[in-house]
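Below is one structure, written out as structure tokens; the observations come after it.
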Amino acid sequence: MSSKRWRMQLPLHVMIWPGLILVLLFCYGPMVGLIIAFQDFVPTNGLFGSEFVGLKHFEYMYSLPQTTEVIRNTLFISVMKIVAGLLAPIATALLLNEIRRESFKRSVQTLIYLPHFLSWVILSGILIEVLSPTNGIVNSLLASMGVEPIFFLGDQSWFPFVMVGTDVWKEFGFGTIVYLAALTSINPSLYEAAVIDGANRWQQTLYITLPGMLPIIVLMLTLSLGNVLNAGFDQIFNLYNPSVYATGDILDTYVYRLAFVNAQFSVATAVGLFKSVISFTLISISYWVAYRFANYRIF
């Protein structure tokens with residue numbers, strides 16, 4: 001880069017510095033703590049005063065029966081969220097695209113987008129009341145139809161699906177906006193030509209709308225692969241309980257309990273590092289796939 005070009009771009013670089021400093025301090029600085037995974041960490045001895053034990057805690061982590069169970073739960077819940085979180089906004093965007101009354105269309109978009117702005121701390125309190133087996137509105141409706149009350153948040157078989165369903169309900173409005181934006185890029189003359197050829201609305205959707213949305217669908221799907229080990233700590237931590245650990249405990253909540261409940265800091269760091277390495281690998285693969293099939297670049 002020439003000195004003249006560098007001087008012209010210097011103000012832009014200066015604008016980046018505050019954000020870069022924050023990233024270094026709060027994202028990369030704490031990574032020094034990963035050394036705990038290779039130590040018999042004792043808080044009173046400090047970060048560098050504890051005994052190094054190599055891969056002892058990783059071996060212990062793999063020997064725990066809960067580790068396999070937690071990984072299985074994490075993969076099941078996250079994959080279900082990825083699939084449902086892809087299909088729901090696509091279907092909603094296609095339905096909204098058929099609405100010709102703009103005021104109604106905008107109202108629906110606003111209503112389905114609102115839950116995205118609410119934290120899981122707030123939503124968990126609402127869901128606990130709504131799904132309560134004694135006085136929740138869902139079980140009241142089921143009782144009116146002669147169905148026995150269901151303990152949605154305390155039943156191991158129901159809990160993972162409740163997590164998937166509530167997550168989709170919270171986030172599908174944001175995805176819908178993304179796909180509606182993709183629909184605006186489709187050339188209207190294609191629909192006009194299809195009408196002349198006698199295509200009905202379903203055929204127009206099948207042969208014009210969906211192929212036109214395909215690049216953004218591929219992009220969103222491939223980018224979501226990097227989150228396959230992030231099943232939603234905020235959501236599950238605020239909604240789970242010991243009775244559903246068998247099917248609802250995920251890597252993030254497992255790390256939390258190991259560190260802050262059992263005080264097994266070294267083992268918790270080893271589990272967290274294991275997850276980070278796998279996630280980094282998946283993110284790298286997903287970005288390569290996004291570049292290969294959707295022409296997506298990060299710079």
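For Cα pairs less than 8 Å apart in space and 6+ apart in sequence, what is the mean separation divided by the residue count of the chain, i.e. the relative contact order in percent? Provide the component values of the computation, followed by the final result.
On the way: 304 pairs, mean separation 78.8, N = 299.
Relative contact order for the chain comes out at 26 percent.
Placing +1 on the Cβ of every Lys and Arg and -1 on the Cβ of every Asp and Glu, with no other charges, gives the chain a dipole of roughly 1160 debye about its Cα centre.
Listing Lys56, Lys275 from the residue with the fewest other Cβ atoms within 10 Å to the one with the most, what is the order?
Placing the least packed residue first, the sequence is Lys56, Lys275.
For a footprinting-style exposure proxy, rank Leu47, Leu180 by other Cβ within 10 Å, fewest first.
On the way: Leu47 12, Leu180 18.
Listing Leu47, Leu180 from fewest to most nearby Cβ atoms yields Leu47, Leu180.
Taking amide H atoms as placed 1.01 Å from N in the peptide plane, the amide H of Ser132 lies under 5 Å from those of Ile137, each 5 or more residues away in sequence or on another chain. Look at (1) 20.1, 59; (2) 24.2, 79; (3) 20.2, 62: the one that is Rg and Dmax of the Cα atoms in Å derived from this structure is (2).
If the segment from Met145 to Arg7 were pulled out straight at 0.36 nm per residue, it would be longer than the present Cα-Cα gap by 42.4 nm. You can think of it this way: the chain between Phe26 and Val53 has 7.0 nm of extra reach, that is 0.36 nm per residue less the Cα-Cα gap. The helix-only estimate of mean residue ellipticity at 222 nm for the chain, built from DSSP H runs of length n ≥ 4 each weighted as -39500 (n - 2.57), is -20500 deg cm²/dmol after division by the residue total. Taking other C-beta atoms within 10 Å as the exposure proxy, Ile128, Ile196, Ile217 rank Ile196, Ile128, Ile217 from fewest upward.
Computed over the chain with a Gaussian network model linking Cα atoms closer than 10 Å, the most mobile of Asp197, Asp249, Asp167 is Asp197.
Each value in this text was obtained by applying a stated rule to the coordinates, not by laboratory testing. Just so it is clear, the structure is predicted and the values come from calculations on it, not from any experiment. Every residue, glycine among them, receives a Cβ derived from its backbone with ideal geometry; neighbour counts consider all protein chains shown.
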